[in-house]
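The values are calculated or read from the model by the stated rules, or taken from the named source; none is laboratory data. In this text the structure is predicted, and so the values were computed from the model without any measurement. Because the Cβ atoms are built from the backbone with ideal geometry, glycine has one as well, and the counts that use them run over all protein chains shown.
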Amino acid sequence: MLTAMAPLFQMRGVQCDVLALVRRPSPFDRLLKEHNISLCFTGVREMYSPRQILALARHIEGYDIVHVHLFPAQLWTALAAAGMSHPPPLVTTEHNAWNARRRWWLRPVDLWMYSRYSRIACISEASAESLRRWCPRVTKSITIVPNGISLDIFEKALPAKFEHIPKDAVKLVFVGRCDQPKDHATILRAMRDLPNAHLLLVGDGPLRRDLERLTRDLGVNDRVSFLGWRSDVAGILKASDIYIHSTHSDGFGIAACEAMASGLPVIASDVPGLSQLIAGAGMLFPDGDDKILTDHVKFLMQSPSCRRQMRLASRLRARRFSIENTVEHCICMYRSVREGSG
């Protein structure tokens, strides 16, 4: 999403540079550079090293606004700014309705960290309400900035080709990092009772080897393809038949929104944030329930007319969430912060 937003910021007269905590091979690096977006790194090898604090302080000095995404960048940037004589205003985005820090002994850390941010952009009402309950004192700083996608990229993509998949197989797809809170295991268990389906998993992460082992243990490895990181996600979605978004929590579900823009019928976990995106346009299943997921997939496989209706509903729903709308919300938030700090 950031690679799509940064060029639009530039077009609106907002100079946007990107700073990452660690250097890792990624197709997103190239996409940023193609749009002449400055991309740099702190130079610290470990994401969770406290050395990030001093490195961040050096990099963020002199900026009008620093917009931070995800933990631990949120914590390190707050600490860096706290040690500066003239820190820039900070804003952050809350991307989920739950995270692993929601433990009573970590609440003081979150209370302090979030209080250092002038605005907290929540991607949905579900993520905002969750944060209000967790840190009531930052309620006044919370604003809603809905996620968005580049609609044209997904609506007009050409289908990717998969020669190794039988032509009569129904192609299921899930785009998500192989890590918590995503729930690949539930889809893999469902595959046991879907012999005519082939599953495409786009994304990588620390749990990939465990998931590959699980596919072998379940006896479905010949019908599951781990595609890793891909820069042609739009083409993969266009080549697929049904999108499944299985997760234990998700404040919005940007990958599900991209699938909807591609015209795919979507089946998703019934969790706060994600369920609000899908309800009325797709199908929901209880978190972790592979049996109901299997029933939903079988129903769609056996009902071409229902798939056609869901494709239309998906496209209509996705059009509410353009990346241009997200950028406009962000710029309004930046102006509000600047006026308040001036």
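Quick notes
- The set of residues from the stretch 138-147 being modelled with pLDDT of 95 or more and in contact with a helix residue (DSSP H, G or I) (Cβ under 7 Å, 6 or more places away or on another chain) comprises Val138, Thr139, Ile142, Thr143, Ile144, Val145.
- So Leu227, is it part of a strand (DSSP E or B) and either of a type in the set (A, V, I, L, M) or without any contact (Cβ under 8 Å) to a residue 24 or more places away in the chain (or both): yes
- Unique match (being exposed (fewer than 15 other Cβ atoms within 10 Å of the Cβ), of a type outside the set (S, T, N, Q), at negative phi and modelled with pLDDT of 95 or more) among Arg223, Arg192: Arg192
- Residue check for Ala160: surrounded by fewer than 19 Cβ atoms within 10 Å (Cβ to Cβ), farther than 30 Å from Val327 by Cβ and of a type in the set (A, V, I, L, M): no
- Yes/no for Phe285 being assigned by TED's automatic domain parsing to the domain that holds Lys156, out of contact with any Leu (no Cβ under 9 Å at 6 or more places or on another chain) and at pLDDT 95 or above: no
- Positions within the stretch 226-264 being modelled with pLDDT under 95 and of a type in the set (Lys, Arg), in sequence order: Arg230
- Leu214 being among the aliphatic types (A, V, I, L, M), over 20 Å from the mean Cα position of the chain (by Cα), assigned by TED's automatic domain parsing to the domain that holds Ala261 and outside any loop (DSSP other than H, G, I, E, B): yes
- Residue check for Asp241: among the acidic types (Asp, Glu), under 13 Å from Phe174 (Cα atoms) and surrounded by fewer than 24 Cβ atoms within 10 Å (Cβ to Cβ): yes
- Matching residues in the stretch 256-295 - criterion: being among the hydrophobic types (A, V, I, L, M, F, W, C), over 15 Å from the mean Cα position of the chain (by Cα) and outside any helix (DSSP H, G or I): Leu264, Val266, Ile267, Ala279, Ala281, Met283, Leu284, Phe285
- Hits in the stretch 123-137 - residues which are assigned to a helix (DSSP H, G or I) and more than 28 Å from Arg320 (Cα to Cα): Trp134, Pro136, Arg137
- Any hit, the stretch 108-122, residues being at pLDDT below 95, not β-branched (Val, Ile, Thr) and not in a loop (DSSP other than H, G, I, E, B): no
- Residue pairs meeting the criteria (Cβ under 8 Å; at least 6 apart or on separate chains; first charged (D, E, K, R), in the stretch 96-114; second in a helix (DSSP H, G or I)): Arg101/Val109; Arg101/Asp110; Arg102/Trp134; Arg107/Trp134; Asp110/Trp134
- Answer residue from the stretch 1-33, given it is part of a helix (DSSP H, G or I) and farther than 19 Å from Glu324 by Cβ and is modelled with the lowest pLDDT among those: Pro27
- Of everything in the stretch 10-65 that is under 20 Å from Val91 (Cβ atoms) and of a type in the set (Val, Ile, Thr), the residue that is surrounded by the most Cβ atoms within 10 Å (Cβ to Cβ) is Thr42.
- Residues that are assigned to a helix (DSSP H, G or I) and either farther than 30 Å from Cys122 by Cβ or modelled with pLDDT under 95 (or both) within the stretch 297-323 comprise Val297, Lys298, Phe299, Leu300, Met301, Gln302, Pro304, Ser305, Cys306, Arg307, Arg308, Gln309, listed in sequence order.
- Cβ separations smaller than 9 Å between residues 6+ apart or across chains give the following pairs from the stretch 256-271 residues that are under 16 Å from Leu200 (Cα atoms) and in the same structural domain as Gln309 (by TED's automatic domain parsing) to residues that are assigned to a loop (DSSP other than H, G, I, E, B) and of a type in the set (D, E, K, R): Leu264/Asp241; Pro265/Asp241.
- Answer from Leu56, Leu21 - the residue that is in the same structural domain as Met333 (by TED's automatic domain parsing), under 23 Å from Asn147 (Cβ atoms) and of a type outside the set (Phe, Trp, Tyr): Leu21
- Looking across the stretch 34-57, the residues that are over 13 Å from Ala73 (Cα atoms) and either touching a residue at least 60 places away in the same chain (Cβ under 8 Å) or not in a loop (DSSP other than H, G, I, E, B) (or both) come down to Glu34, Leu39, Cys40.
- In the set (1) surrounded by 14 or more Cβ atoms within 10 Å (Cβ to Cβ); (2) more than 26 Å from Arg338 (Cα to Cα); (3) of a type in the set (A, V, I, L, M), the condition left unmet by Ala100 is number (1).
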